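Worksheet: one structure, shown below.
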Amino acid sequence: QVRLTESGGDSVQAGGSLRLSCAASGNTYRTKCMGWFRQAPGKEREGFAVICTGGAVGDAKYYADSVKGRFTISQDSAKNTVYLQMNSLKPEDIGMYYCAADLNPRATVVAGSDPERALARDEYAYWGQGTQVTVSS
């Protein structure tokens, strides 16, 4: 029903910035959550930023503690694209970055009150191919 394509990954020095994009094609959905996950070598894929649309009072955003204050998730609904602005990058941010879509999100997640579920890998059924981010010290 939807295809996700990430772009923008690159190799940067510590302290630098990157802007990732996730373009969705196929059907569009008013109510959904779009999440960013990363997987470092040898580690599990973990969610760190989510934006949900379709809530009665507007968008809901979630951030993992590891990126809070450094990363910002946003969207351009007209372009069906979600962005991730990453500032103050650290070597610990190295990994493959994936965009994911939850097209049937929980009401609590859409409402902005359920960070545990919003950032959980198993909530998302659609995934992009990933884009590599490398940070050198």
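Residue 88 is checked against (1) under 14 Å from the mean Cα position of the chain (by Cα); (2) open to solvent by 50 Å² or more (accessible area, probe 1.4 Å) and fails just one. What number does that condition carry?
(1)
Which ones in region 51-66 are farther than 18 Å from residue 94 by Cα and either assigned to a strand (DSSP E or B) or at pLDDT 95 or above (or both)?
Keep residues of region 51-66 that are farther than 18 Å from residue 94 by Cα, which gives 51-62.
Selection gives 51, 52, 53, 60, 61, 62.
For the condition without any contact (Cβ under 8 Å) to a residue 12 or more places away in the chain and open to solvent by less than 70 Å² (accessible area, probe 1.4 Å), what is the one hit in 122, 102, 76? Steps first, answer last, please.
Details: 122 fails: open to solvent by less than 70 Å² (accessible area, probe 1.4 Å); 102 fails: without any contact (Cβ under 8 Å) to a residue 12 or more places away in the chain.
None of the others qualify; the one that does is 76.
Among the numbered conditions (1) over 13 Å from the mean Cα position of the chain (by Cα); (2) over 10 Å from residue 128 (Cβ atoms); (3) open to solvent by 60 Å² or more (accessible area, probe 1.4 Å), tell me where residue 3 comes up short.
Single failed check for residue 3: (2).
Can you say whether residue 137 is surrounded by fewer than 18 Cβ atoms within 10 Å (Cβ to Cβ), out of contact with any Lys or Arg (no Cβ under 7 Å at 6 or more places or on another chain) and of a type in the set (Gly, Ala, Ser), as far as the supplied structure shows?
yes
Taking the stated definitions as given, is residue 78 under 14 Å from the mean Cα position of the chain (by Cα) and farther than 16 Å from residue 6 by Cβ? Break it down stepwise before answering.
Numbers: under 14 Å from the mean Cα position of the chain (by Cα): no; farther than 16 Å from residue 6 by Cβ: yes.
Criteria not met by residue 78.
What's the number of the only condition in (1) of a type in the set (Ser, Thr, Tyr); (2) exposed (fewer than 15 other Cβ atoms within 10 Å of the Cβ); (3) within 15 Å of the chain's Cα centre (by Cα) that residue 17 fails to meet?
That leaves (3) as the condition not met.
In region 27-47, what residues are closer than 19 Å to residue 127 by Cα, more than 16 Å from the chain's Cα centre (by Cα), open to solvent by 60 Å² or more (accessible area, probe 1.4 Å) and not polar (S, T, N, Q)?
Answer for region 27-47, where residues must be closer than 19 Å to residue 127 by Cα, more than 16 Å from the chain's Cα centre (by Cα), open to solvent by 60 Å² or more (accessible area, probe 1.4 Å) and not polar (S, T, N, Q): 30, 41, 43.
Out of the residues in region 110-119 that are on the phi < 0 side of the Ramachandran plot and in contact with a Gly (Cβ under 9 Å, 6 or more places away or on another chain), state the one that is surrounded by the fewest Cβ atoms within 10 Å (Cβ to Cβ).
Within region 110-119, the subset on the phi < 0 side of the Ramachandran plot is 110-111, 113-119.
If we keep only those that are in contact with a Gly (Cβ under 9 Å, 6 or more places away or on another chain) too, we end up with 110-111, 118-119.
On the way: 110: 22, 111: 14, 118: 27, 119: 22.
Ranking the qualifying residues of region 110-119, first place goes to 111.
The values are calculated or read from the model by the stated rules, or taken from the named source; none is laboratory data. Note that this is a predicted model, so its numbers are computed, not measured. So basically every Cβ, Gly included, is an ideal-geometry build from the backbone, and we count neighbours across all protein chains shown. When the accessible area is computed, the model is the full protein with side chains, heavy atoms only, and any ligands, DNA or RNA have been set aside. Shrake-Rupley method; radii C 1.70, N 1.55, O 1.52, S 1.80 Å.
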